[in-house]
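Chemist: Before I ask anything, here is the structure I am working with.
The values are calculated or read from the model by the stated rules, or taken from the named source; none is laboratory data. The structure presented is a predicted model; accordingly, all values stated were derived computationally and were not measured. Surface areas here come from the heavy atoms of the whole protein model, side chains and all, with no ligands, DNA or RNA. Shrake-Rupley method; radii C 1.70, N 1.55, O 1.52, S 1.80 Å.
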Amino acid sequence: MGMASGAHAATFSNTSAITLPDSGQASMLPSQFTVSGVTGTVTKVTVSINDLTHTWADDIDMLLVGPGGQTVMLMSDQGYVDAISLNLTFDDDAASE
């Protein structure tokens, strides 16, 4: 998917660590950050989660919420493995399986 004429890419980040306890809610829930200076229609969003570490992957639920209340579930109840330590990227240009 290419960018439309006049379109530009921008990166916004929340670099604060989020603690995922073995039980109960994560710290900084919800994790919020401000996106500003974007005009026109947003046509692409890529989400990267870096250094995701937890003792039970099935505990993790990730929901992305837009400013108008739009939602997309990025991850929920995935993986019946013990500990994980990885980086994730959610991208609509990724190959489907």
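Chemist: Would you mind telling me the share, in percent, of accessible area of segment 31-82 contributed by carbon and sulfur at probe 1.4 angstrom?
Modeler: Numbers: 2030 of 3910 Å².
Carbon and sulfur atoms account for 52 percent of the accessible area of segment 31-82.
Chemist: For a quick check: with amide H placed at 1.01 Å from N, whose amide H comes under 5 Å from residue 62's, ignoring anything fewer than 5 positions away on the same chain?
Modeler: 74, 75, 76
Chemist: Who wins for biggest fluctuation among 39, 15, 55 in a Gaussian network model of the chain, springs between alpha carbons below 10 Å?
Modeler: So, out of 39, 15, 55, the one fluctuating most is 39.
Chemist: I'd like the per residue volume of the convex hull spanned by the Cα atoms of the chain, given in cubic angstrom.
Modeler: Numbers: hull volume 12.1 nm³, N = 97.
Here the figure is 125 Å³ per residue.
Chemist: Right, next: In Å², and per residue, what accessible area does segment 15-64 have when probed at 1.4 Å with the other protein chains present?
Modeler: Values: 3810 Å² over 50 residues.
I get 76 Å² per residue for segment 15-64.
Chemist: What is the extension gain from residue 11 to residue 55, computed as 0.36 nm multiplied by their sequence separation minus the C-alpha to C-alpha distance, in nm to one decimal? Walk me through the intermediate numbers first.
Modeler: Values: separation 44, 0.36 × 44 = 15.84 nm, distance 2.97 nm.
That pair, residue 11 and residue 55, stretches by 12.9 nm at full extension.
Chemist: Can you tell me how much longer the chain between residue 31 and residue 73 gets when fully stretched, taken as 0.36 nm per residue apart minus their C-alpha distance, in nm with one decimal?
Modeler: Result for the pair: 13.7 nm of gain on full extension.
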